[in-house]
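Values quoted throughout were computed directly from the atomic coordinates according to the rules given, and no laboratory measurement underlies them. Since the structure is predicted, the reported quantities are computational estimates derived from the model, not experimental observations. Positions of Cβ are backbone-derived with ideal geometry, glycine not excepted, and every protein chain shown enters the neighbour counts.
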């Protein structure tokens, strides 16, 4: 038996299990089930919280890399047609579908008249 911060004794096997902390959900106390209304809402707390954060940061970084890589597509098309590469790159970062359509629709400035 171990003593928790709220001065109740709980068995080790119960203390080490993750608690469901959604409002109105149940938790284990002294081997029985009681309502837990004083915990944060919507999470299951466990030992994987740090790993989950690292995973989401990694997914975010990969998403940003893909986003920037896709922004080069309309910029390259417009650049080959004699328009501003940098301008279309910035436009495609914020409005990718519009920049892609404009890059293919604008006239070719490099063609001889």
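A few remarks follow.
- Ordering 88, 104 by the number of other Cβ atoms within 10 Å of each residue's own Cβ, fewest first, gives 104, 88.
- Highest mean packing comes first when the peptides 67-73, 106-112 are listed by Cβ atoms within 10 Å, giving 67-73, 106-112.
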